[in-house]
Amino acid sequence: MELNDIVRRCEDLYHDLDLTSVKEWKRRTGGKAVGFLPIYVPRETVHAAGALPVGIMGAGDDLEIIRGDAFYQSYICHIPRSTVELGLSGRLDCLDGFLFPAICDVIRNLSGMWKILFPDKYVRYLDVPQNFDERLGGVFYRQELAALFQDLCALTGRPASDEALRRSIEAYNENRRAIAELYRLRAEEPHRVPTYEHYLLMRASNVLEVTEHTALVDAYLAAARRENRPWRDNIRVILTGVFCEQPPLGLIRALEQSGCSIVDDDWVLGARYLREPVAAEGDPLDALVTSYLRRGTPTATRYIDEDAKGEDLIRRVRTLRAEGVIFASPSFCDPALLEAPMLQRALGAEKIPYTAFKFSENSGQLQVIKEQTGAFADSIKLWGAA
Amino acid sequence: MNPTPAVRKERSMELQKAMMGEHFKNLARAKDLGKKVVYTFVPGNLNELIWTFGMLPVHPEVNALQIGLRKKSGDYILEAEKHGHSEDVCAYVKCDLGMLKRGNIGPTGEKLPEPDLLLLSYTGCFTFMKWFELLREEYRCPIVMLHVPYQGDGRITPDMTAYVARQISEKVLPLMEKISGRAYDPDALREHLASSARAERDLVAVWESARNRPSPIDAYFGGVYYVGPVFSAFRGLPACEVFYETLRQEVEERVRNHEGPITPEGPLKEERFRLIVEGPPCWPNFRDLWKMFYEEGAVAVSSSYTKVGGLYDAGFRHDPDRPLESLADYCMGCYTNLNLPSRIQYLERCLREYDADGFLINSIKSCNSFSAGQLLILQELEKRTGKPGGFIESDLVDPRYFSAANIKNRLESYFQMIKAKRSA
Ligand code: SF4
Ligand code: SF4
C-alpha cells in the first residue's frame, strides 16, 4: 500500500464518527462490538469472545455538542459530553456493550449514567487494581477479568475458551510489536514519521480488528522507510498528559509545525499500556494479570508505590534523547493536572526543560499554543534550555 | 456590618467543640506525647484501627473545611496555585497544600504534626490518590494504599470484601504495627467497633427524627455538625458515644416539643419547605447559604453529603464479629462509592421516606466525584418522583465560585416552583 493510501484510510477512520467501519465489520463477520473508554482495557478478552473492541476517545472537534452539554456542568472536561452526544445521537448504536475502566471519577460516574441512558446495553465498570501485589490486587483483578470474560462470552454466545484467549494474546502481542516498531522508527528518524500520521495510525487501532491494524502499521512502516522525506530541524520532545481526552487534530499538527518532533507520547495509551508481550502459554488470564501488575505503564491514574514520581519520564527522556517535555492537559482533568507539578519538579531537578498548556478536544484557538511551543523549541535550539 | 450570628449552643455542640479542641491540642503535642500520626481521608477511614494502635488520625479534608469555614481557604488556594497548581483542580487539595506551604498551622491556630504514615484509603474519589502522592512528596514518609473497589454494579460482592479485608490484614496492619511499635490487638479493635456501632445507632435515630413535622433537625446545615465526631477522629471512642447519646436526647426533646431545627438565629419558627439536598456545602459561605434557607423556612430533611463517611441510615454498622470485613464494607459503602443508579435510588428513597417537597443539588466545582452526573440525577429524580429539583453551583472551599446573588435568585425561583406545584 502507498503511504498516501494508508494515511487517507486512517483519516477516514478518524473522522468516521458513525462507526461505519465497525458496522461493516459486524456485517461481514456477524460478530458483536464492544466499546471502551480510555485508558486501558484488556482487549484480548473482548477479541477472544469474538467481539470487536472499539475504543471511543470523544469526538474531537468534529461534532457539534447539542445534548451532551445538558449532562455536564461547565467545569467538567469535554470528553464525557462528546461521548454522551455520540451515544444519544445514535452513533454508538452498533456497540453491543460498553466498558468503563477505572481511570477517574468522571468516567466512573459515566458508567452509571450509561446504565441509565442505555438500559438495553451491556455496561461494565472495569475496576483495575491499584494494589500491585499478586496475592491481593492480582487475585482481585483476575476475578474481575474472569467475570468480564464470562459476560462477554455470554454476549456473543461463544464458549469462554482459554485457547481463544491465548490466540488473542498472540494477536495483540503482534500488534504491540508493530506499534513498538512504529515508535522506534519515529524516535530514531522523526522526519520519516510525521506526528500527524503517527497519531492517526494509533487512532486506527481503536476501530480496526487487531490483525488488520497490525498489517496496516507494518505496511506504513515499510512505506515510511521507502519514502524520501526531508529532515527537519525540530527539537525532540516527549508529550505527556493526553492519555484520555485527546487534543484536536489541528493541535497535533500545530505542535510539529511549531518546531517540535514528538518522540514519545501517551495518546491512545491503551494500545501500548502493557510494555512487553503477554505470555501466550499457561493460564491466559493469569498472564494478563501479571502483565498489568508488572509491566503496566506509569501514568497519572496508576498508583506508583515504588518508583519516585517522574522517574519513568526522566528515563524515557534520557533513552530517547529528548530535549524537552510538553505537558498538555485537558482542561478540568484532575489526574493530568495534579500529576503535572510532581513530574515538573522531577524534571526541574534534572534540568530538563518543559512547557505546559491546557486544551480541550474542541479547542479552536491553536495559535497561542503554537506560539508557546514554538518559543519553547527556539529557546532549546538557541540555548539548549527553555 | 452585622456580626455573624452565633449558633445557639446546645450541650452536644459544646461537647463536640471540646472534643475537637482536645484532639487538636493532642496533635500539636503529638511528638512530645510520643504519639504517631496517621493522615487519612474521611470516606473509608479506618479510625478504629488507628486508635487500636494508639495513633492519632488527621483528616486533611476536615482541616480544609474548617479553614474554609474560617474564610482562610482563598489565600491557601492562591498559595497552591502559585506553586504550579491549576485553577481547574479540586480546591480541597489546594487548600491543604497551601496550608502546608504556609507552615501547616491547623484550623485551631496550632501547628499540625507531620504524618508518620499516610493511609491512602481510595474510597469514592480518585483525586485522593493524587492528593496523597503530593503529600508524600512533601513529607517523604511511609504510605500505604488501600485500594477500595467501586460499586460499579451497585453492590458489594464477597470477593470485593475479601480483597479489601486482606489488604488491611496484609498491608495496613503490619505497617501500623511497625510504625506504632505495638502489636495488633484484635480485642481492642472489637471494642472500638462495638463502640462505633452504638454511636451509629444513635446517629441514625437523629436522621430518622426528620420524619416528624416539623423536622427537629436540619440534616444538611445542621447535619454537617452532627456528623463531625463520627466522620472525623472520634468514631470508636467513648466520647463519640456520649456525643451521639446527648444529641439524640436533644433531638427527641425537640420532637416532644414540636420544635423545628436550631438555626444560627435560634429555633426555626415555621417549616415551609422540606428538602433533600445532594452535594457538599460551600464552607466559606456556609452561613450565607444556610440563611437563604432558613429565612424561607426551608429545612433539609435529609442530605447525601452527610453520608460520605458512611451510609448508616441504609443499615450499615461496624461489626465487632466481622472486624476487618466490616471495615472493608464500610469503605465500600460510603456515598460517593455508590454508582449513579444507586445514588439516584438513595435520593429517591429519601424523598419518599421524609416526605420532602423536592430536592436541591449544590453542584461543587471542585468535586468530580460528586458533580459529574448530577444533571442526570436531576432529570431522573424529577422523572421518577414528580418532585421539583433545584440546581445551584458553588465550591467547597474556593470563595471565587460563590455568587450570592445568583444563588439567591435561583433559590427564590425554586421555592416559587414548589409553591406553584402545591397549589396546582
Ligand atoms: S479527561 Fe481527565 S478528568 Fe476527563 S474523563 Fe479523562 S481522565 Fe477523567
Ligand atoms: S474531588 Fe471531591 S471527594 Fe475528592 S478530594 Fe476533592 S472534594 Fe474530596
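The values are calculated or read from the model by the stated rules, or taken from the named source; none is laboratory data. Source: prediction; values computed, not measured. No Cβ is skipped: glycine too gets one built from the backbone with ideal geometry, and neighbour counts run over all protein chains shown.
List of remarks:
- Total residues in segment A:22-44, condition of a type in the set (Gly, Ala, Ser), out of contact with any Ser or Thr (no Cβ under 9 Å at 6 or more places or on another chain) and surrounded by fewer than 20 Cβ atoms within 10 Å (Cβ to Cβ): 1
- In the set (1) within 13 Å of another protein chain (Cβ to nearest Cβ); (2) of a type outside the set (Lys, Arg); (3) surrounded by 24 or more Cβ atoms within 10 Å (Cβ to Cβ); (4) away from ligand 2 (no atom under 12 Å from the Cβ), residue B:137 fails one condition alone, (3).
- Every residue from segment A:5-25 that is basic (Lys, Arg) and over 12 Å from residue A:95 (Cα atoms): A:8, A:9
- Sole residue being assigned to a loop (DSSP other than H, G, I, E, B) and either modelled with pLDDT under 95 or surrounded by fewer than 18 Cβ atoms within 10 Å (Cβ to Cβ) (or both), chosen from B:233, B:162, B:219, B:188: B:233
- Residues that are of a type outside the set (Asp, Glu) and more than 16 Å from ligand 2 (Cβ to nearest atom) number at least 3 in the following helices (runs of 4 or more DSSP H) confined to segment B:323-416: B:323-333, B:340-353, B:374-385.
- For segment A:82-98, filtered to residues that are crowded, with 24+ Cβ neighbours inside 10 Å and within 14 Å of ligand 1 (Cβ to nearest atom), the residue that is farthest from residue A:24 (Cα to Cα) is A:82.
- Checking residue A:346 against (1) surrounded by 23 or more Cβ atoms within 10 Å (Cβ to Cβ); (2) under 24 Å from residue B:143 (Cβ atoms), the condition it does not meet: (1)
- Residue A:174 touching a residue at least 40 places away in the same chain (Cβ under 8 Å), of a type outside the set (Ser, Thr, Tyr) and within 18 Å of residue A:52 (Cβ to Cβ): yes
- Taking segment B:36-116 and the helices (runs of 4 or more DSSP H) fully enclosed by it, the elements with 3 or more residues that are among the acidic types (Asp, Glu) are at B:73-82.
- Selection of segment B:333-374 for residues being small (Gly, Ala, Ser), touching a residue at least 40 places away in the same chain (Cβ under 8 Å), in contact with a helix residue (DSSP H, G or I) (Cβ under 6 Å, 6 or more places away or on another chain) and within 15 Å of ligand 1 (Cβ to nearest atom) yields B:366, B:369.
- Of note, residue B:93 does not satisfy the criterion of being crowded, with 18+ Cβ neighbours inside 10 Å, farther than 24 Å from residue B:142 by Cβ and within 14 Å of chain A (Cβ to nearest Cβ).
- Among the residues listed as A:332, A:357, the single one being within 12 Å of chain B (Cβ to nearest Cβ) and at positive phi: A:332
- Within the set B:326, B:371, B:394, the sole residue that is facing chain A (nearest Cβ under 9 Å) and not hydrophobic (A, V, I, L, M, F, W, C) turns out to be B:371.
- Residues within segment B:140-166 that are more than 8 Å from chain A (Cβ to nearest Cβ) and basic (Lys, Arg), tallied: 2
- Count of segment B:127-139 residues which are touching a residue at least 40 places away in the same chain (Cβ under 8 Å), within 16 Å of ligand 1 (Cβ to nearest atom) and of a type in the set (A, V, I, L, M): 0
- Some residue of segment A:75-98 being within 16 Å of ligand 2 (Cβ to nearest atom), in contact (Cβ under 8 Å) with a residue 12 or more places away in the chain and among the aromatic types (Phe, Trp, Tyr): yes
- Being free of Cβ contacts under 8 Å to residues at least 60 places away in the same chain, more than 20 Å from residue B:31 (Cα to Cα) and either touching a strand residue (DSSP E or B) at 6+ places or on another chain (Cβ under 7 Å) or crowded, with 18+ Cβ neighbours inside 10 Å (or both) holds for only one residue in B:84, B:98, B:124, and it is B:98.
- Looking only at residues in segment A:334-377 that are in contact with a Pro (Cβ under 9 Å, 6 or more places away or on another chain) and closer than 25 Å to residue A:318 by Cβ, the one that is farthest from ligand 1 (Cβ to nearest atom) is A:376.
- Test: residue in segment B:172-180 that is among the polar types (S, T, N, Q), under 17 Å from residue B:328 (Cα atoms) and in a helix (DSSP H, G or I): no
- Count of segment B:282-304 residues which are within 16 Å of ligand 2 (Cβ to nearest atom) and crowded, with 24+ Cβ neighbours inside 10 Å: 5
- A count restricted to segment A:23-40 and to residues that are touching a helix residue (DSSP H, G or I) at 6+ places or on another chain (Cβ under 8 Å) and under 26 Å from residue A:102 (Cβ atoms) stands at 8.
- Test for residue B:382: is it surrounded by fewer than 18 Cβ atoms within 10 Å (Cβ to Cβ), within 23 Å of residue A:117 (Cβ to Cβ) and of a type in the set (Asp, Glu): yes
- Residue-level check: of (1) more than 12 Å from every other protein chain (Cβ to nearest Cβ); (2) in a helix (DSSP H, G or I), residue B:169 misses just (1).
- Restricting attention to segment A:32-79, the residues being within 16 Å of ligand 1 (Cβ to nearest atom), more than 14 Å from chain B (Cβ to nearest Cβ), among the aliphatic types (A, V, I, L, M) and farther than 18 Å from residue A:115 by Cα number 2.
- Selection status of residue B:383, within 14 Å of chain A (Cβ to nearest Cβ) and out of contact with any strand residue (DSSP E or B) (no Cβ under 9 Å at 6 or more places or on another chain): yes
- Enumerated helices (runs of 4 or more DSSP H) restricted to segment A:136-225, each holding at least 2 residues that are over 16 Å from the mean Cα position of the chain (by Cα) and within 14 Å of another protein chain (Cβ to nearest Cβ): A:139-156
- Of all residues making up segment B:345-362, the number that are surrounded by fewer than 23 Cβ atoms within 10 Å (Cβ to Cβ), under 30 Å from residue B:161 (Cα atoms) and not hydroxyl-bearing (Ser, Thr, Tyr): 4
- The set of residues from segment B:10-35 being in a loop (DSSP other than H, G, I, E, B), farther than 16 Å from residue B:242 by Cα and touching a strand residue (DSSP E or B) at 6+ places or on another chain (Cβ under 9 Å) comprises just one member, B:35.
- Scope segment B:136-145; condition at pLDDT 95 or above and closer than 21 Å to residue B:90 by Cα; matching residues: B:145
- Selection count, segment A:109-135, where residues are more than 7 Å from chain B (Cβ to nearest Cβ) and in a loop (DSSP other than H, G, I, E, B): 7
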